[in-house]
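Here's the structure we're looking at; comments come further down.
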Amino acid sequence: MALAAVYPHGALLLASPVSAAARLLALLPSAAFWQTVLFSASRILGGFFLGCGLAVPLAAAAAARPWAADLLAPPIAAAKAVPAASFIILALVWLDGRSLSLFISALMVFPPVYLNVLEGLRAADTRLLEMAQVFQVPFWRRAWGIYLPQVLPYFRSAAALGAGLCWKAGAAAEVIGIPEGSIGERLYMAKIYLQTPDLFAWTAVIAVLAALFEKLFLLGIDQLAGKAGRW
Amino acid sequence: MKLHVEKLCKSYGSRAVLKDVTFTAGNGVLEIAAPSGGGKTTLLHILLGLERADSGWITGAEDCRWSAVFQEDRLLERLDAAGNLRFVLGGLPAAAGKMLDRLGLDLGDPKPVQDYSGGMKRRLALARALLAPSDILALDEPFTGLDPEALARCLSLIQEAAETKPVLLAAHGFGGGFPVFQIPTLETA
(Lines give C-alpha, C1' and ligand atoms only; values in the text may rest on other atoms or scores of the structure.)
Protein backbone atom coordinates (compact mmCIF):
# COMPACT_ATOMS: atom_id res chain seq x y z
CA MET A 1 0.00 0.00 0.00
CA ALA A 2 2.78 2.39 0.97
CA LEU A 3 4.77 1.51 -2.20
CA ALA A 4 1.78 2.17 -4.45
CA ALA A 5 1.17 5.44 -2.68
CA VAL A 6 4.68 6.79 -3.42
CA TYR A 7 4.40 5.97 -7.13
CA PRO A 8 3.61 9.17 -9.18
CA HIS A 9 -0.17 9.72 -8.82
CA GLY A 10 -0.27 6.47 -6.85
CA ALA A 11 -2.09 8.15 -3.96
CA LEU A 12 -5.03 8.58 -6.29
CA LEU A 13 -5.35 4.82 -6.73
CA LEU A 14 -4.23 3.72 -3.31
CA ALA A 15 -3.99 6.09 -0.39
CA SER A 16 -1.13 5.66 2.07
CA PRO A 17 -1.98 4.58 5.61
CA VAL A 18 -0.79 7.99 6.80
CA SER A 19 -3.18 9.91 4.54
CA ALA A 20 -6.05 7.58 5.45
CA ALA A 21 -5.32 8.05 9.16
CA ALA A 22 -5.04 11.83 8.67
CA ARG A 23 -8.41 11.87 6.91
CA LEU A 24 -9.96 9.81 9.70
CA LEU A 25 -8.56 12.19 12.33
CA ALA A 26 -9.99 15.11 10.38
CA LEU A 27 -13.42 13.43 10.26
CA LEU A 28 -13.59 12.46 13.95
CA PRO A 29 -14.36 15.88 15.48
CA SER A 30 -17.18 16.72 13.05
CA ALA A 31 -20.82 16.24 14.06
CA ALA A 32 -21.63 15.05 10.53
CA PHE A 33 -19.24 12.10 10.99
CA TRP A 34 -21.01 10.92 14.13
CA GLN A 35 -24.44 11.47 12.56
CA THR A 36 -23.37 9.31 9.63
CA VAL A 37 -22.05 6.61 11.97
CA LEU A 38 -25.26 6.72 13.99
CA PHE A 39 -27.43 6.50 10.86
CA SER A 40 -25.70 3.38 9.56
CA ALA A 41 -25.05 1.72 12.90
CA SER A 42 -28.67 2.06 14.01
CA ARG A 43 -29.93 0.40 10.85
CA ILE A 44 -27.27 -2.29 10.55
CA LEU A 45 -27.44 -3.22 14.24
CA GLY A 46 -31.23 -2.95 14.11
CA GLY A 47 -31.08 -5.51 11.32
CA PHE A 48 -28.79 -7.72 13.41
CA PHE A 49 -31.19 -7.71 16.35
CA LEU A 50 -34.20 -8.10 14.07
CA GLY A 51 -32.58 -11.15 12.42
CA CYS A 52 -31.76 -12.68 15.83
CA GLY A 53 -35.19 -11.79 17.18
CA LEU A 54 -36.88 -13.63 14.32
CA ALA A 55 -34.43 -16.54 14.12
CA VAL A 56 -34.55 -17.63 17.78
CA PRO A 57 -38.34 -18.08 18.15
CA LEU A 58 -38.60 -19.64 14.69
CA ALA A 59 -35.80 -22.10 15.57
CA ALA A 60 -37.69 -22.93 18.78
CA ALA A 61 -40.85 -23.53 16.73
CA ALA A 62 -38.91 -25.68 14.25
CA ALA A 63 -37.36 -27.73 17.08
CA ALA A 64 -40.79 -28.31 18.60
CA ARG A 65 -42.70 -29.00 15.38
CA PRO A 66 -41.04 -30.84 12.46
CA TRP A 67 -43.56 -29.37 10.00
CA ALA A 68 -42.34 -25.87 10.94
CA ALA A 69 -38.74 -26.95 10.19
CA ASP A 70 -39.87 -28.35 6.82
CA LEU A 71 -41.75 -25.14 6.06
CA LEU A 72 -38.74 -22.95 6.85
CA ALA A 73 -36.13 -25.11 5.06
CA PRO A 74 -36.66 -23.70 1.51
CA PRO A 75 -36.52 -19.97 2.45
CA ILE A 76 -33.47 -20.63 4.63
CA ALA A 77 -31.74 -22.48 1.79
CA ALA A 78 -32.59 -19.56 -0.55
CA ALA A 79 -31.30 -16.97 1.92
CA LYS A 80 -28.02 -18.92 2.20
CA ALA A 81 -27.51 -19.48 -1.53
CA VAL A 82 -28.74 -16.26 -3.20
CA PRO A 83 -26.05 -13.53 -3.44
CA ALA A 84 -26.56 -10.56 -1.14
CA ALA A 85 -26.45 -8.23 -4.19
CA SER A 86 -29.55 -9.90 -5.66
CA PHE A 87 -31.47 -9.36 -2.44
CA ILE A 88 -30.24 -5.76 -2.27
CA ILE A 89 -31.52 -4.96 -5.76
CA LEU A 90 -34.82 -6.73 -5.07
CA ALA A 91 -35.17 -4.90 -1.76
CA LEU A 92 -34.54 -1.58 -3.52
CA VAL A 93 -37.71 -2.24 -5.51
CA TRP A 94 -39.72 -2.97 -2.35
CA LEU A 95 -38.23 -0.62 0.22
CA ASP A 96 -36.89 2.92 0.36
CA GLY A 97 -33.12 3.24 0.53
CA ARG A 98 -33.12 4.26 4.21
CA SER A 99 -34.49 0.88 5.36
CA LEU A 100 -32.39 -1.16 2.95
CA SER A 101 -29.42 -1.88 5.25
CA LEU A 102 -31.75 -2.90 8.09
CA PHE A 103 -33.48 -5.46 5.86
CA ILE A 104 -30.27 -6.81 4.34
CA SER A 105 -28.50 -7.09 7.72
CA ALA A 106 -31.45 -9.04 9.13
CA LEU A 107 -31.43 -11.28 6.09
CA MET A 108 -27.71 -12.05 6.49
CA VAL A 109 -27.96 -12.76 10.23
CA PHE A 110 -31.13 -14.84 10.12
CA PRO A 111 -29.88 -18.09 8.47
CA PRO A 112 -26.78 -18.76 10.64
CA VAL A 113 -28.59 -17.86 13.87
CA TYR A 114 -31.66 -19.93 12.96
CA LEU A 115 -29.63 -22.98 11.93
CA ASN A 116 -27.27 -22.88 14.92
CA VAL A 117 -29.99 -22.32 17.50
CA LEU A 118 -32.02 -25.14 15.95
CA GLU A 119 -29.00 -27.44 16.18
CA GLY A 120 -28.45 -26.43 19.80
CA LEU A 121 -32.08 -27.08 20.71
CA ARG A 122 -31.99 -30.47 19.01
CA ALA A 123 -28.84 -31.35 20.97
CA ALA A 124 -30.53 -30.65 24.34
CA ASP A 125 -30.14 -33.55 26.80
CA THR A 126 -33.31 -35.61 26.39
CA ARG A 127 -32.68 -37.41 29.69
CA LEU A 128 -32.79 -34.10 31.56
CA LEU A 129 -35.90 -33.08 29.63
CA GLU A 130 -37.57 -36.36 30.65
CA MET A 131 -36.58 -35.73 34.26
CA ALA A 132 -38.14 -32.25 34.06
CA GLN A 133 -41.28 -33.76 32.49
CA VAL A 134 -41.68 -36.31 35.31
CA PHE A 135 -41.21 -33.65 38.00
CA GLN A 136 -43.55 -31.29 36.10
CA VAL A 137 -40.95 -28.51 36.00
CA PRO A 138 -42.55 -25.37 34.45
CA PHE A 139 -41.51 -24.43 30.92
CA TRP A 140 -39.64 -21.24 31.80
CA ARG A 141 -37.48 -23.14 34.31
CA ARG A 142 -36.71 -25.84 31.74
CA ALA A 143 -35.80 -23.10 29.24
CA TRP A 144 -33.46 -21.38 31.71
CA GLY A 145 -31.98 -24.54 33.24
CA ILE A 146 -31.72 -26.97 30.32
CA TYR A 147 -32.21 -25.25 26.96
CA LEU A 148 -30.37 -21.96 27.51
CA PRO A 149 -27.03 -23.42 28.69
CA GLN A 150 -27.23 -25.86 25.77
CA VAL A 151 -28.12 -23.28 23.11
CA LEU A 152 -25.94 -20.33 24.13
CA PRO A 153 -22.64 -21.72 22.72
CA TYR A 154 -24.39 -22.38 19.39
CA PHE A 155 -25.97 -18.90 19.44
CA ARG A 156 -22.61 -17.35 20.34
CA SER A 157 -20.80 -18.77 17.33
CA ALA A 158 -23.67 -17.80 15.00
CA ALA A 159 -23.86 -14.29 16.46
CA ALA A 160 -20.09 -13.83 16.00
CA LEU A 161 -20.46 -14.80 12.34
CA GLY A 162 -23.61 -12.71 11.91
CA ALA A 163 -22.07 -9.62 13.53
CA GLY A 164 -19.39 -9.53 10.83
CA LEU A 165 -21.77 -10.39 8.01
CA CYS A 166 -24.32 -7.72 8.88
CA TRP A 167 -21.75 -4.91 8.68
CA LYS A 168 -20.36 -6.17 5.36
CA ALA A 169 -23.76 -6.69 3.77
CA GLY A 170 -25.29 -3.60 5.38
CA ALA A 171 -22.52 -1.34 4.06
CA ALA A 172 -22.78 -2.96 0.60
CA ALA A 173 -26.53 -2.31 0.62
CA GLU A 174 -25.93 1.35 1.48
CA VAL A 175 -23.38 1.71 -1.35
CA ILE A 176 -25.99 0.40 -3.80
CA GLY A 177 -29.02 2.16 -2.28
CA ILE A 178 -27.07 5.36 -1.43
CA PRO A 179 -29.34 6.51 1.42
CA GLU A 180 -28.52 10.10 2.34
CA GLY A 181 -26.36 10.47 5.44
CA SER A 182 -25.10 6.88 5.51
CA ILE A 183 -21.58 5.41 5.56
CA GLY A 184 -22.45 3.74 2.26
CA GLU A 185 -23.10 7.12 0.71
CA ARG A 186 -19.69 8.35 1.93
CA LEU A 187 -18.04 5.28 0.36
CA TYR A 188 -19.91 5.87 -2.90
CA MET A 189 -18.83 9.53 -2.96
CA ALA A 190 -15.25 8.49 -2.29
CA LYS A 191 -15.43 6.29 -5.37
CA ILE A 192 -17.03 8.99 -7.56
CA TYR A 193 -14.45 11.64 -6.60
CA LEU A 194 -11.54 9.19 -6.35
CA GLN A 195 -11.02 10.14 -2.70
CA THR A 196 -9.18 7.00 -1.66
CA PRO A 197 -8.16 8.41 1.76
CA ASP A 198 -11.89 8.81 2.47
CA LEU A 199 -12.55 5.29 1.23
CA PHE A 200 -9.95 3.83 3.59
CA ALA A 201 -10.99 6.07 6.48
CA TRP A 202 -14.64 4.99 6.24
CA THR A 203 -13.63 1.37 5.69
CA ALA A 204 -11.59 1.56 8.88
CA VAL A 205 -14.62 3.01 10.67
CA ILE A 206 -16.76 0.06 9.53
CA ALA A 207 -14.07 -2.45 10.60
CA VAL A 208 -13.70 -0.84 14.03
CA LEU A 209 -17.46 -0.62 14.58
CA ALA A 210 -17.91 -4.26 13.52
CA ALA A 211 -15.10 -5.48 15.80
CA LEU A 212 -16.29 -3.34 18.71
CA PHE A 213 -19.88 -4.50 18.40
CA GLU A 214 -18.83 -8.15 18.11
CA LYS A 215 -16.67 -7.88 21.24
CA LEU A 216 -19.39 -6.17 23.27
CA PHE A 217 -22.14 -8.49 22.13
CA LEU A 218 -20.11 -11.62 22.82
CA LEU A 219 -19.14 -10.22 26.22
CA GLY A 220 -22.85 -9.91 26.99
CA ILE A 221 -23.47 -13.48 25.80
CA ASP A 222 -20.60 -14.74 27.98
CA GLN A 223 -22.04 -12.92 30.98
CA LEU A 224 -25.41 -14.54 30.32
CA ALA A 225 -23.78 -17.95 29.82
CA GLY A 226 -22.23 -17.62 33.28
CA LYS A 227 -25.64 -17.01 34.80
CA ALA A 228 -27.74 -19.34 32.63
CA GLY A 229 -29.10 -22.38 34.39
CA ARG A 230 -28.22 -21.05 37.84
CA TRP A 231 -30.47 -20.24 40.74
CA MET B 1 -54.02 -44.99 46.97
CA LYS B 2 -53.75 -48.10 44.82
CA LEU B 3 -51.94 -48.44 41.52
CA HIS B 4 -53.09 -51.31 39.34
CA VAL B 5 -51.27 -52.52 36.25
CA GLU B 6 -53.07 -55.03 34.04
CA LYS B 7 -51.66 -57.13 31.21
CA LEU B 8 -49.04 -54.56 30.20
CA CYS B 9 -47.07 -55.52 27.08
CA LYS B 10 -44.13 -53.81 25.40
CA SER B 11 -41.91 -54.87 22.51
CA TYR B 12 -39.04 -53.20 20.70
CA GLY B 13 -39.40 -54.45 17.13
CA SER B 14 -39.56 -58.22 17.35
CA ARG B 15 -38.05 -58.30 20.87
CA ALA B 16 -40.69 -58.54 23.57
CA VAL B 17 -39.63 -56.94 26.85
CA LEU B 18 -42.83 -57.02 28.89
CA LYS B 19 -45.67 -59.49 28.43
CA ASP B 20 -48.89 -59.50 30.42
CA VAL B 21 -47.38 -57.68 33.39
CA THR B 22 -50.03 -57.45 36.10
CA PHE B 23 -49.64 -56.20 39.65
CA THR B 24 -51.18 -53.95 42.28
CA ALA B 25 -49.27 -51.56 44.52
CA GLY B 26 -50.73 -49.86 47.59
CA ASN B 27 -48.92 -47.71 50.15
CA GLY B 28 -45.60 -49.30 51.03
CA VAL B 29 -42.57 -50.51 49.12
CA LEU B 30 -43.07 -52.97 46.27
CA GLU B 31 -39.83 -54.36 44.92
CA ILE B 32 -39.90 -54.91 41.16
CA ALA B 33 -37.58 -57.81 40.46
CA ALA B 34 -36.19 -59.10 37.19
CA PRO B 35 -32.82 -60.13 35.87
CA SER B 36 -30.65 -57.53 34.13
CA GLY B 37 -32.39 -56.41 30.93
CA GLY B 38 -35.61 -57.97 32.22
CA GLY B 39 -37.76 -54.86 31.69
CA LYS B 40 -37.63 -53.08 35.08
CA THR B 41 -36.59 -49.73 33.61
CA THR B 42 -39.01 -50.10 30.68
CA LEU B 43 -41.86 -50.78 33.12
CA LEU B 44 -41.00 -47.72 35.22
CA HIS B 45 -40.64 -45.56 32.09
CA ILE B 46 -44.12 -46.61 30.96
CA LEU B 47 -45.56 -45.82 34.39
CA LEU B 48 -43.79 -42.42 34.37
CA GLY B 49 -45.24 -41.63 30.95
CA LEU B 50 -41.87 -41.62 29.18
CA GLU B 51 -42.70 -44.59 26.97
CA ARG B 52 -45.94 -46.04 25.65
CA ALA B 53 -47.05 -49.60 26.26
CA ASP B 54 -48.18 -51.66 23.28
CA SER B 55 -51.22 -52.83 25.24
CA GLY B 56 -52.53 -53.11 28.78
CA TRP B 57 -54.07 -50.82 31.39
CA ILE B 58 -52.80 -48.68 34.23
CA THR B 59 -55.45 -47.56 36.71
CA GLY B 60 -55.32 -45.59 39.93
CA ALA B 61 -52.55 -43.27 38.70
CA GLU B 62 -54.77 -40.77 36.91
CA ASP B 63 -53.82 -37.19 37.83
CA CYS B 64 -51.14 -38.54 40.16
CA ARG B 65 -47.89 -36.71 40.69
CA TRP B 66 -44.94 -39.04 40.17
CA SER B 67 -41.49 -38.62 41.55
CA ALA B 68 -38.54 -40.71 40.51
CA VAL B 69 -34.96 -41.74 40.82
CA PHE B 70 -33.88 -42.68 37.31
CA GLN B 71 -31.39 -45.36 36.39
CA GLU B 72 -28.98 -42.50 35.61
CA ASP B 73 -28.72 -39.63 38.10
CA ARG B 74 -30.10 -37.01 35.67
CA LEU B 75 -28.76 -34.10 37.69
CA LEU B 76 -27.80 -30.67 36.35
CA GLU B 77 -24.06 -31.21 36.55
CA ARG B 78 -23.03 -27.52 36.59
CA LEU B 79 -25.22 -26.77 39.59
CA ASP B 80 -24.65 -27.48 43.25
CA ALA B 81 -27.04 -29.54 45.39
CA ALA B 82 -29.22 -26.55 46.25
CA GLY B 83 -29.42 -25.50 42.58
CA ASN B 84 -30.54 -28.98 41.55
CA LEU B 85 -33.27 -28.97 44.19
CA ARG B 86 -34.37 -25.45 43.25
CA PHE B 87 -34.63 -26.46 39.58
CA VAL B 88 -37.14 -29.20 40.37
CA LEU B 89 -38.89 -27.77 43.43
CA GLY B 90 -38.89 -24.08 42.49
CA GLY B 91 -37.40 -23.26 45.89
CA LEU B 92 -35.87 -24.95 48.89
CA PRO B 93 -38.38 -26.55 51.27
CA ALA B 94 -37.66 -26.35 54.99
CA ALA B 95 -37.04 -30.09 55.04
CA ALA B 96 -34.30 -29.93 52.41
CA GLY B 97 -31.39 -29.25 54.75
CA LYS B 98 -32.35 -32.01 57.18
CA MET B 99 -32.99 -34.49 54.34
CA LEU B 100 -29.58 -33.87 52.80
CA ASP B 101 -28.00 -34.02 56.23
CA ARG B 102 -29.53 -37.45 56.83
CA LEU B 103 -28.12 -38.57 53.48
CA GLY B 104 -24.65 -37.32 54.37
CA LEU B 105 -24.82 -34.31 52.02
CA ASP B 106 -24.50 -30.60 52.73
CA LEU B 107 -27.11 -28.22 51.30
CA GLY B 108 -24.65 -25.32 51.61
CA ASP B 109 -21.89 -27.10 49.70
CA PRO B 110 -21.18 -24.84 46.69
CA LYS B 111 -19.41 -27.65 44.81
CA PRO B 112 -21.03 -28.40 41.43
CA VAL B 113 -22.55 -31.85 41.14
CA GLN B 114 -20.03 -32.77 38.43
CA ASP B 115 -17.41 -32.89 41.19
CA TYR B 116 -19.49 -35.30 43.32
CA SER B 117 -18.66 -39.00 43.65
CA GLY B 118 -21.09 -41.53 42.14
CA GLY B 119 -22.57 -42.30 45.56
CA MET B 120 -23.10 -38.61 46.37
CA LYS B 121 -24.91 -38.06 43.08
CA ARG B 122 -27.13 -41.06 43.79
CA ARG B 123 -28.01 -39.75 47.24
CA LEU B 124 -28.79 -36.30 45.85
CA ALA B 125 -31.02 -37.86 43.16
CA LEU B 126 -32.87 -39.72 45.94
CA ALA B 127 -33.19 -36.56 48.04
CA ARG B 128 -34.66 -34.74 45.03
CA ALA B 129 -37.21 -37.53 44.50
CA LEU B 130 -38.18 -37.63 48.18
CA LEU B 131 -38.52 -33.84 48.51
CA ALA B 132 -40.61 -33.38 45.36
CA PRO B 133 -44.33 -33.41 46.13
CA SER B 134 -45.65 -36.74 44.84
CA ASP B 135 -48.34 -39.39 45.16
CA ILE B 136 -46.22 -42.28 43.85
CA LEU B 137 -42.47 -42.83 43.93
CA ALA B 138 -40.58 -44.82 41.27
CA LEU B 139 -37.01 -45.73 42.16
CA ASP B 140 -34.83 -47.33 39.52
CA GLU B 141 -31.69 -48.89 41.04
CA PRO B 142 -31.41 -46.15 43.69
CA PHE B 143 -28.67 -47.93 45.65
CA THR B 144 -26.06 -48.14 42.89
CA GLY B 145 -22.66 -47.09 44.20
CA LEU B 146 -23.74 -46.73 47.85
CA ASP B 147 -21.75 -48.10 50.76
CA PRO B 148 -23.64 -50.09 53.47
CA GLU B 149 -24.02 -47.08 55.76
CA ALA B 150 -25.40 -44.83 53.01
CA LEU B 151 -27.67 -47.66 51.87
CA ALA B 152 -29.13 -47.97 55.38
CA ARG B 153 -29.79 -44.21 55.52
CA CYS B 154 -31.48 -44.26 52.13
CA LEU B 155 -33.60 -47.28 53.06
CA SER B 156 -34.80 -45.60 56.22
CA LEU B 157 -35.94 -42.51 54.26
CA ILE B 158 -37.62 -44.64 51.59
CA GLN B 159 -39.53 -46.57 54.26
CA GLU B 160 -40.72 -43.30 55.81
CA ALA B 161 -41.98 -42.12 52.41
CA ALA B 162 -43.68 -45.46 51.82
CA GLU B 163 -45.91 -44.97 54.85
CA THR B 164 -48.06 -42.54 52.85
CA LYS B 165 -47.61 -43.56 49.23
CA PRO B 166 -46.75 -46.50 46.96
CA VAL B 167 -43.02 -46.84 46.30
CA LEU B 168 -41.97 -48.97 43.33
CA LEU B 169 -38.40 -50.07 43.88
CA ALA B 170 -36.55 -51.63 40.96
CA ALA B 171 -33.31 -53.00 42.36
CA HIS B 172 -31.46 -55.88 40.79
CA GLY B 173 -30.95 -58.66 43.38
CA PHE B 174 -31.66 -56.31 46.30
CA GLY B 175 -33.66 -58.62 48.61
CA GLY B 176 -34.48 -55.99 51.21
CA GLY B 177 -37.36 -57.93 52.71
CA PHE B 178 -40.08 -55.97 50.92
CA PRO B 179 -42.95 -57.56 49.01
CA VAL B 180 -41.63 -58.52 45.59
CA PHE B 181 -43.26 -58.44 42.19
CA GLN B 182 -41.29 -60.61 39.76
CA ILE B 183 -41.56 -59.46 36.14
CA PRO B 184 -42.40 -62.59 34.12
CA THR B 185 -39.29 -63.89 32.39
CA LEU B 186 -39.73 -64.10 28.64
CA GLU B 187 -38.45 -67.14 26.83
CA THR B 188 -35.90 -66.13 24.21
CA ALA B 189 -36.29 -67.60 20.76
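What part of the accessible area of the protein assembly as shown, given as a whole %, is carbon or sulfur when the probe is 1.4 angstrom?
Carbon-and-sulfur percentage of accessible area, whole number: 62.
Counting pairs of alpha carbon atoms under 8 Å apart in space and at least six apart in sequence, what relative contact order in percent does the range B:3-182 give?
Relative contact order for the range B:3-182 comes out at 32 percent.
When the solvent-accessible surface of protein heavy atoms is calculated with a 1.4 angstrom probe, in what order do B:172, B:4 fall, highest first?
Sorted descending by solvent-accessible area, the residues read B:172, B:4.
Taking amide H positions as placed 1.01 Å from N in the peptide plane, with prolines and chain starts having none, which residues 5 or more places from residue B:54, or on another chain, fall under 5 Å of its amide H?
Distant-sequence amide H within range of residue B:54: B:9, B:10, B:11.
Measure nothing but the geometry: give the 0 to 90° angle between the long axis through the Cα atoms of A:66-81 and the longest principal axis through the Cα atoms of chain A, rounded to 10°.
Between the helix axis and the principal axis of chain A, the angle is about 20 degrees.
Taking every pair of alpha-carbon atoms in chain A, what share in percent sits in each 10 Å bin, from 0 to the bin with the longest distance?
8, 27, 27, 20, 12, 5, 1, 0
Arrange the peptides B:80-89, A:125-134, B:5-14 so that the one whose residues have, on average, the most other Cβ atoms within 10 Å appears first. Walk me through the numbers on the way to the answer.
Details: B:80-89: 21.7, A:125-134: 17.9, B:5-14: 14.3.
Output ranking for B:80-89, A:125-134, B:5-14: B:80-89, A:125-134, B:5-14.
Find the relative contact order for chain A and round it to a whole percent, using C-alpha pairs within less than 8 Å whose residues are 6+ positions apart.
About 27 percent, as a whole number.
For chain A, what does -39500 (n - 2.57) per DSSP helix run (n ≥ 4), summed and divided by total residues, give at 222 nm, in deg cm²/dmol to the nearest 500?
Value at 222 nm, helices only, nearest 500: -27500 deg cm²/dmol.
Work out the mean other chain Cβ neighbour count within 10 Å for the residues of A:129-140 and drop it here as an integer.
Partner-chain Cβ atoms within 10 Å, mean over residues of A:129-140: 6.
Any idea which of A:62, B:32, A:99 is furthest toward the positive side of the dipole for the protein assembly as shown, if Lys and Arg beta-carbons carry +1 and Asp and Glu beta-carbons -1?
The residue sitting most towards the positive pole is A:99.
Rounded, prolate or oblate: which one fits the range A:78-117, using the alpha carbon gyration tensor with axes a ≥ b ≥ c (rounded when a/c is under 1.5, else prolate when a/b beats b/c, else oblate)?
oblate
What does the helix-only formula give at 222 nm for chain B: each DSSP H stretch with n ≥ 4 adding -39500 (n - 2.57), the total divided by the residues, and the result rounded to the nearest 500 deg cm²/dmol?
-8500 deg cm²/dmol
For the pair residue A:25/residue A:218, report the inter-label distance in nm, with labels modelled 7 Å from Cα in the Cβ direction.
Going from the residue A:25 label point to the residue A:218 one covers 3.1 nm.
How crowded by other chains is B:61-74, given as the mean number of beta carbons from other chains within 10 Å of each beta carbon?
On the way: counts 0, 0, 0, 0, 3, 4, 3, 4, 0, 4, 1, 3, 2, 9.
Shielding by partners across B:61-74 averages 2.
For the protein assembly as shown, what is the number of Lys pairs with C-alpha distance below 28 angstrom, counting only pairs 8 or more positions apart or on separate chains?
Step by step, the pairs that qualify in the protein assembly as shown add up to 27.
Which angle from 0 to 90°, rounded to the nearest 10, does the C-alpha axis of helix A:148-177 make with the longest principal axis of chain A?
With rounding to tens, the tilt is 30 degrees.
Can you tell me the order of A:215-228, A:144-157 when each peptide is scored by its average per-residue count of other Cβ atoms within 10 angstrom, highest first?
Ranked by mean Cβ neighbours within 10 Å, highest first: A:144-157, A:215-228.
Calculate how many DSSP beta bridges within the protein assembly as shown are antiparallel, expressed in % of all such bridges and rounded to the nearest 5.
Bridges in the protein assembly as shown are about 40 percent antiparallel.
How would the protein assembly as shown be classified by its alpha-carbon gyration tensor: rounded, prolate or oblate, with rounded meaning a/c under 1.5 and the a/b versus b/c comparison settling the rest?
prolate
With a 1.4 Å probe and every protein chain left in place, work out the accessible area per residue of the range B:3-182 in Å², rounded to a whole number. The partial results should precede the final answer.
On the way: 7600 Å² over 180 residues.
Ligands and nucleic acids excluded, the figure is 42 Å² per residue.
B plus A alone minus the pair: what accessible area, both sides summed, probe 1.4 Å, in Å² to 100?
Using a 1.4 Å probe on protein heavy atoms, the buried area is about 1800 Å².
Round to the nearest 10 and give me the degree value, 0 to 90, for the angle of helix B:118-131's Cα axis relative to the longest principal axis of chain B.
80 degrees
Could you pull the Rg and Dmax for chain B, using just the Cα atoms, both in Å?
Values for chain B (Cα only, Rg and Dmax): 16.8, 54 Å.
How large is ³J(HN,Hα) for each residue in the range A:95-107, as worked out from phi by the Karplus curve 6.51 cos²θ - 1.76 cosθ + 1.60 (θ = phi - 60°), to whole Hz, x for Gly and Pro?
Residue by residue, the range A:95-107 yields 10, 7, x, 5, 9, 4, 5, 4, 5, 5, 4, 4, 5 Hz.
The values are calculated or read from the model by the stated rules, or taken from the named source; none is laboratory data. This is a predicted model, so every value here is computed, not measured. Positions of Cβ are backbone-derived with ideal geometry, glycine not excepted, and every protein chain shown enters the neighbour counts. We work out accessible area using only protein heavy atoms, side chains counted, and drop any ligands, DNA or RNA first. Shrake-Rupley method; radii C 1.70, N 1.55, O 1.52, S 1.80 Å.
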